[in-house]
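S.K.: Below is a structure I'd like to ask you about.
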Amino acid sequence: MKKAVPQAAALLLEKLLLLAHLRPLPAADTDTDRGEPPPAPAPAPPPPAAGCLQRGDLLEVPRTLFVHFGIYLGENRVAHLMPDILPALTDDRRQIQRVVTNKRLILGVVTKTASIRVDTVEDFAYGGSILVNHMDRLFKDRLLGSEEAARRAEKLVGATAYSLLWNNCEHFVTYCRYGAPVSLQTDKFCETVKMIIRDQRSVLASVLVGLAVVVCLGLAPSTTLPTILVTFLLWMAG
């Protein structure tokens, strides 16, 4: 039973990561009703050529569920923070530098370990399109020099702690380019959670879910106390 919980969490994370790399399906075409095949989806635009990028540029790769960030170091190299269990297990640079597998990434998230690594632009983009310095418009007054941003990124390369909300790839790049770690994705997530908590319909939903659990599992402290506690907390926070 103790092993079932981390296994279930790892499976859920793996499915979310696979979903994050999927491309949305094209909308249904009316030509299919006439027996004609729908047009092929347009291929993803290639990443910018290394010659178009400047040392210290902040790179973004939008995914389905999140945005991945990195700092361009020049010569087709990008420094970026990735969850990875391997740096905590070995000092072998050859093994660590290999492409991070889903298992390595998931275990890194669960154990809160990561590495700031240097990869090629192509490996960093992972087939996605790249936005360059897209966040500069939000931090005009805090923009550091490009060389300073690159130097900060180079100094941090190696194993590091990881937190999905408080120390992720966005915190890394904003520290390097703007001088302070910030994550707009984390802020947006926290605002969404706050809206859900403040919505009184969440109280009703928690009551209904709690009643369903009690009906299915029976009346016991392990079922009634969490229902009462969660409902009370949501009511007080709303």
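The values are calculated or read from the model by the stated rules, or taken from the named source; none is laboratory data. Because the structure is predicted, anything quoted here is derived from the model rather than measured. Glycine also receives a Cβ, built like all others from the backbone with ideal geometry; neighbour counts cover every protein chain displayed. Keep in mind that these areas ignore ligands, DNA and RNA; they rest on the heavy atoms of the full protein, side chains included. Shrake-Rupley method; radii C 1.70, N 1.55, O 1.52, S 1.80 Å.
S.K.: If 134, 80 are ordered by their accessible area, calculated over protein heavy atoms with a 1.4 Å probe, which sequence runs from highest to lowest?
M.R.: The ranking, largest first, comes out as 134, 80.
S.K.: Probe radius 1.4 Å, ligands and nucleic acids left out: which of 187, 57, 92 has the largest accessible area, and how do the rest follow? Spell out each step's value before the answer.
M.R.: Working: 187 80, 57 10, 92 60 Å².
The ordering from most to least exposed comes out as 187, 92, 57.
S.K.: Taking a probe of 1.4 angstrom, what is the accessible area of residue 189 in Å², to the nearest 10?
M.R.: Counting only protein heavy atoms, the figure is 110 Å².
S.K.: Between residue 102 and residue 63, what is the label-to-label distance in nm when each label sits 7 Å out along the Cα-to-Cβ direction?
M.R.: Computed distance between label sites residue 102 and residue 63 equals 1.2 nm.
S.K.: Of all the accessible heavy-atom surface of region 105-155, with the other protein chains kept in place and a 1.4 Å probe, what percent is carbon and sulfur?
M.R.: 52
S.K.: Let's test the formula: R0 of 30 Å, r as the Cβ-Cβ distance of residue 122 and residue 90. What FRET efficiency results, to the nearest 0.05?
M.R.: Efficiency at R0 = 30 Å is approximately 0.75.
S.K.: Ok, one more. In whole Hz and in residue order, list the ³J(HN,Hα) couplings for region 152-168 that follow from phi through the Karplus curve 6.51 cos²θ - 1.76 cosθ + 1.60, θ = phi - 60°; x for Gly and Pro.
M.R.: 4, 5, 5, 5, 8, 4, x, 5, 7, 6, 9, 9, 4, 9, 10, 8, 10
S.K.: I would also like to ask the following. Can you give the accessible area of residue 126, probe radius 1.4 Å, in Å² rounded to 10?
M.R.: Per-residue accessible area (residue 126): approximately 140 Å².
S.K.: While we're looking at this one, here's another question. For residue 196 paired with residue 225, estimate the spin-label separation in nm (one decimal), with each label point 7 Å from Cα along the Cα-to-Cβ line.
M.R.: For residue 196 paired with residue 225, the spin-label model returns 2.5 nm.
S.K.: Using modelled amide H (1.01 Å from N, peptide plane; none on Pro or chain starts), what sits under 5 Å from the amide H of residue 74, excluding residues fewer than 5 places away?
M.R.: Here the answer is 56, since their amide H atoms fall under 5 Å of that of residue 74.
S.K.: Determine the order of 204, 105 by accessible area, beginning with the largest, at a probe radius of 1.4 Å.
M.R.: The most accessible residue leads, giving 204, 105.
S.K.: Give me the net charge of residue 99's neighbourhood, meaning all other residues with Cβ under 13 Å from the Cβ of residue 99; Lys, Arg count +1, Asp, Glu -1.
M.R.: Net charge in that neighbourhood comes out at +1.
S.K.: Once the whole set of protein chains is in place, how much accessible area is left on residue 52, using a 1.4 Å probe, in Å² to the nearest 10?
M.R.: Accessible surface of residue 52 is approximately 100 Å².
S.K.: Here is a further query. Calculate, for region 56-178, the solvent-accessible area per residue in square angstrom, rolling a 1.4 angstrom probe over the heavy atoms of the protein chains.
M.R.: Per-residue accessible area for region 56-178 comes out at 50 Å².
S.K.: Just subtract the alpha-carbon distance of residue 204 and residue 144 from 0.36 nm times their residue separation and send over the number in nm, one decimal.
M.R.: Here the answer is 16.7 nm.
S.K.: Give, as a single signed number, the net charge of other residues whose beta carbon lies under 14 Å from the beta carbon of residue 162, with Lys and Arg counted +1 and Asp and Glu -1.
M.R.: Values: positive: 104, 112, 117; negative: 84, 170.
It works out to a net charge of +1.
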